[in-house]
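Student: Okay, here's the structure, questions in a sec.
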Amino acid sequence: MCGIVAAVAQRNVQNILLEGLRRLEYRGYDSAGMAVCDKHGALKRQRAVGKVQALAERLASESLAGNSGIAHTRWATHGRPSEPNAHPHQSRERLAVVHNGIIENHEPLREELSAQGYVFESETDTEVIAHLLERESRTAGDLLTAFKQVVSGLDGAYALGVMTVDEPEVVVGARKGSPLVVGVGIDEAFLASDPLALLQVTDRFIYLLEGDVVRLSSGGRIEIFDASGAAVERPIQTFEHGDGAASKGDYRHYMLKEIHEQPAVIAAALEGRLGDRSVLVESFGPDAEALFRAVRNIHIVACGTSYHAGMVARYWLERYTGVPVQVEVASEYRYRRVVVPEGTLFVTLSQSGETADTMAALRFAMQQGNYLGSLGICNVPGSSLVREASLNLMTQAGPEIGVASTKAFTTQLTALMLFTLALGRVRGMPDDEQAELVEELRRLPGLCSQVLGLDADIEALSTAFAEKHHALFLGRGAHFPIAQEGALKLKEISYIHAEAYPAGELKHGPLALVDSEMPVISVAPNDDLLDKLKSNLQEVRARGGELYVFADENVGLTPAEGISVLHLPHIHEALAPILYTLPLQLLSYHVAVLKGTDVDQPRNLAKSVTVE
Ligand code: G6P
């Protein structure tokens, strides 16, 4: 949730750390801070409430100078956003700590340290680490020994970066349950929560494993120790996406850029995975075919937007493979007694591959010991999910910066359709049906481009929503989760209360809410539920509700009083959920722009939630 960046360099690190924080801001943005060891060996710190820009303004008038430093952008868990609660936290001006995650045993540690005379200046769980380190370093002899001692006594999840005035050219770090990578520079070394933060200084990274401790020192020296304390070598990997991925280009917001990237990234998600008339099962890995043959049941577990992708996949998998599917949000799944029928495959979806609830669910599932195996569908190479799932399918969306997920969702859906067809293939799905869907997948990027061409029409529609406080989204079948995703997007970035219902459920309650102040948005592809959906829309109209319908060009729905209709190109009904997502994304985007909200960094949210 929070973002960490640290450096031991041959130059002043202030601007490297500041740029890193800007790139990590998607992880949290209620306060930010930085500490460096200056040339006199003193620890200097600046912190500010608000976005990274507030810290940048403070640094512009009172700059920091030093060749090593640590920095942090925060998403509050313990203690409200305030300067005393902002990281880095210090102990007796000797040590500074930045932390992402939650220290679960911070209360007894705080009591113990207070009794020993340590004075707490913040409400955070993190500050105990600074004081523990100060205490241990008095006897340990060096920072690394003290640090290893301290982390062995911490319960919970953390990625940490630490420095001390006693060793001004050293930064130590650790990861357990929260992401941390080492950036390998030329005679310089860095740490960050995400490689994106460091692409301005290096494209070479070491992905730390769970329990790793790392020591960076002058001259670019990097020493890594595994959970048992043994010195280890970890491979250096070159980051594949160019640095341009982290810039907005000519777009006003990352979200708009990412919406418009969808034709290209969906094409990338399909690349190398389609044969002439079927999906290449080998693209899931050499063991996939044998595993897929054994699948009798599927459990899909994810959070947020990724969960909605899983909900769509249930319709596809049950229809085309005949395998029963259960879909659940990760934070619920792991706290109940899960019944795992024989032959069940565990499927997790995550844009980041670091969501704490999703990772905990994957680990919980694998500890059960009775799943066939796990398939991780993920966008971030090298992430925890990719390392821990038995099979992986990368969604190839490229870095997604806007907090509201867009291209990550449609590429997840694309990947899930590939999975459906791969599983269908090994389970005897008719060849013609496979070939038809493969052909339609090839057309999908072009159809998406056509729908994005409706941008101006959708922007015009959005004016009707700017003054509204509520909205209702309707869909049937696999479009019910698309309606849910549409409602989530509107909530996230425009702060309009929105709910989604399966259209047939309207009459069982929500119809009571419908009046002229309640816009009702519906997706109406040309599928076998169309006539039923049309009746549901009549029910809304009869109560004075204003309807906004995204409809197949062939369904015969035309605009009328109180009914706005935008036509989408015809698409195979199975792939319609992917295409119909796009106008809903654009609608939310334009409503948010009209309302003047912070589109890319909506209030109270974070892109990657690495706490439970
Ligand atoms: C956060 C983000 C959502 C995202 C969810 C799951 O809540 O704000 O946009 O859908 O996490 O993230 P994941 O990276 O696991 O897909």
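Student: Quick one: C378, C303, C448, fewest Cβ neighbours within 10 Å first, how do they rank?
Tutor: On the way: C378 28, C303 22, C448 25.
The most exposed by this proxy come first: C303, C448, C378.
Student: Each residue of the stretch 34-50 in turn: what ³J(HN,Hα) in whole Hz from Karplus with 6.51, -1.76, 1.60 and θ = phi - 60°, glycine and Pro shown as x?
Tutor: Result, ordered by residue: 8, 9, 10, 9, 7, 6, 8, x, 9, 8, 10, 9, 10, 9, 8, 7, x Hz.
Student: Would you mind checking which residues have amide H under 5 Å from S31's amide H? H placed 1.01 Å from N; only 5 or more apart, or other chain.
Tutor: Here the answer is G50, R74, since their amide H atoms fall under 5 Å of that of S31.
Student: Once every DSSP H run of n ≥ 4 in the chain is given -39500 (n - 2.57) and the sum is divided by its residues, what mean residue ellipticity at 222 nm do you get, rounded to the nearest 500 deg cm²/dmol? Kindly include the intermediate steps, with their values, before the conclusion.
Tutor: Numbers: 18 runs with 215 residues, N = 612.
Computed mean residue ellipticity for the chain: -11000 deg cm²/dmol.
Student: If you don't mind, another one. Using a ≥ b ≥ c from the Cα gyration tensor of the stretch 189-279 (square roots of the eigenvalues), is it rounded, prolate or oblate, where a/c under 1.5 gives rounded and otherwise the larger of a/b and b/c decides, a/b for prolate?
Tutor: Working: a/c = 3.23, a/b = 1.68, b/c = 1.93.
Because a/c hits 1.5 or more and a/b fails to exceed b/c, the stretch 189-279 counts as oblate.
Student: Now a separate question. Using 5 Å bins from zero, what percent of all Cα-Cα pairs in the stretch 230-293 falls into each bin?
Tutor: Result, from short to long distances: 3, 12, 13, 15, 13, 13, 14, 10, 5, 1, 0 percent.
Student: Per residue of the stretch 442-457, what does 6.51 cos²θ - 1.76 cosθ + 1.60 with θ = phi - 60° give for ³J(HN,Hα)? Whole Hz please, x for Gly and Pro, Karplus curve as stated.
Tutor: Values, residue by residue: 5, 7, 4, x, x, 5, 4, 4, 4, 5, 5, x, 8, 3, 5, 5 Hz.
Student: Apply the a/c threshold of 1.5 to the C-alpha gyration tensor of the stretch 545-612 and tell me whether it is rounded, prolate or oblate. Write down the numbers at each step before the final one.
Tutor: Numbers: a/c = 3.36, a/b = 1.66, b/c = 2.02.
Oblate, since a/c reaches 1.5 and b/c is not below a/b.
Student: Going from the alpha-carbon gyration tensor of the stretch 466-612, what semi-axes, largest first and in whole Å, does one get by taking the root of 5 times each eigenvalue?
Tutor: Details: eigenvalues 123, 64, 42 Å².
Calculated on Cα positions only, the semi-axes equal 25, 18, 15 Å.
Student: Along its principal axes, what span do the Cα atoms of the stretch 378-449 show, with the longest given first and each in whole Å?
Tutor: The Cα atoms of the stretch 378-449 stretch 39, 34, 14 Å along the principal axes, largest first.
Student: Tell me which residues come under 5 Å, amide H to amide H, from G66 once H is placed; ignore anything under 5 positions away on its chain.
Tutor: Residues meeting the criterion, in which the H sits 1.01 Å from N, are V13, Q14.
Student: A further question follows. So for the stretch 228-290, taking the charge dipole from beta-carbon charges (+1 Lys/Arg, -1 Asp/Glu), which of S228, A269, P286 sits furthest toward the positive end?
Tutor: A269
Student: Hey, if you put +1 on the Cβ of every Lys and Arg and -1 on every Asp and Glu Cβ in the chain, which of Q585, H479, T164 ends up farthest toward the positive end of that dipole?
Tutor: Checked the options; the winner is T164.
Student: While we're looking at this one, here's another question. Could you tell me the distance between the Cα centroids of the stretch 49-84 and the stretch 106-176, to the nearest Å?
Tutor: After rounding, the separation between the Cα centres reads 20 Å.
Student: How many percent of Cα pairs in the stretch 421-550 exceed 24 Å? Don't jump to the answer; show the numbers that get you there.
Tutor: Numbers: 3293 of 8385 pairs.
Tail fraction, whole percent: 39.
Student: Oh, and also: When you have a sec, figure out the Kirkwood radius of the chain from all distinct Cα pair distances and drop it here in Å to one decimal? Kindly include the intermediate steps, with their values, before the conclusion.
Tutor: Details: mean 1/r = 0.0393 Å⁻¹.
One decimal place: 25.4 Å for the Kirkwood radius.
Student: May I ask you to give the average projected area over all directions of the convex hull of the Cα atoms of the stretch 419-485, in nm² rounded to one decimal? Numbers along the way, then the final one.
Tutor: Values: hull surface 25.9 nm².
Its average projected convex-hull area is 6.5 nm².
Student: Hey, which lysines would be in cross-link range of K148, C-alpha to C-alpha under 24 Å, not counting anything within fewer than 8 residues on its own chain?
Tutor: Cα-Cα hits under 24 Å: K176.
Student: Treating only the Cβ of Lys, Arg, Asp and Glu as charged (+1, +1, -1, -1), what charge dipole size does the chain show about its Cα centre? Round to the nearest 20 debye. Write out the running numbers ahead of the final one.
Tutor: On the way: 55 positive and 78 negative charges, 112 e Å.
Computed charge dipole of the chain: roughly 540 debye.
Student: For the chain, give the share of DSSP beta bridges that are antiparallel, in percent and rounded to the nearest 5; count only bridges with both residues there. Intermediate results must be reported in sequence, preceding the final value.
Tutor: On the way: 63 of 104 bridges.
Counting only bridges with both partners in the chain, antiparallel ones make up about 60 percent.
Student: At 1.002 mPa s and 20 °C, plugging the Kirkwood radius over alpha-carbon pairs of the stretch 85-228 into Stokes-Einstein gives what diffusion coefficient in µm²/s? Please list the in-between numbers first.
Tutor: On the way: Rh = 15.3 Å.
D, rounded to a whole number, is 140 µm²/s.
Student: In whole Hz, what ³J(HN,Hα) sequence does the stretch 202-209 give by Karplus (6.51, -1.76, 1.60; θ = phi - 60°), x for Gly and Pro?
Tutor: Once rounded to whole Hz, the list reads 7, 10, 10, 9, 10, 8, 5, 9.
Student: With 10 angstrom as the radius, rank I102, I70 by how many other C-beta atoms surround their C-beta, starting from the fewest.
Tutor: Values: I102 21, I70 30.
The order, fewest Cβ neighbours first, is I102, I70.
Student: How large are Rg and Dmax for the stretch 353-505 when only the alpha carbon atoms are used, in Å?
Tutor: Cα only, the stretch 353-505: 18.5, 53 Å (Rg, Dmax).
Student: Oh, and also: Give K248/K595; K407/K489; K507/K534 a once-over and call out the pairs whose C-alpha atoms are over 19 Å from each other. Write down the numbers at each step before the final one.
Tutor: Working: K248/K595 21 Å; K407/K489 13 Å; K507/K534 14 Å.
As for pairs spanning more than 19 Å Cα to Cα, those are K248/K595.
Student: Let me ask you something else. Could you tell me, in Å, what Rg and Dmax come out for the Cα atoms of the stretch 1-57?
Tutor: 11.4, 34
Student: Now for a different question. What list do you get for T344, T414 if you sort them by fewest beta carbons within 10 Å?
Tutor: Fewest to most other Cβ atoms nearby, the residues stand as T344, T414.
Student: Same structure, new question: Just to be sure I understand the curve: with the Debye formula and one point per C-alpha of the stretch 23-116, what is log10 I(q)/I(0) at q = 0.13, 0.17, 0.20, 0.24 Å⁻¹?
Tutor: Debye intensities relative to I(0), on a log10 scale: -0.47, -0.77, -1.01, -1.27.
Student: If packing is taken as the average number of other Cβ atoms within 10 Å across a peptide's residues, how do 601-608, 252-259 rank, most packed first?
Tutor: Numbers: 601-608: 19.4, 252-259: 22.6.
Packing proxy ranking, top to bottom: 252-259, 601-608.
Laboratory data are not the source of any read-out in this text; all were calculated from the coordinates shown. Quick caveat: nothing in here was measured; it's all calculated off a predicted structure. Because the Cβ atoms are built from the backbone with ideal geometry, glycine has one as well, and the counts that use them run over all protein chains shown.
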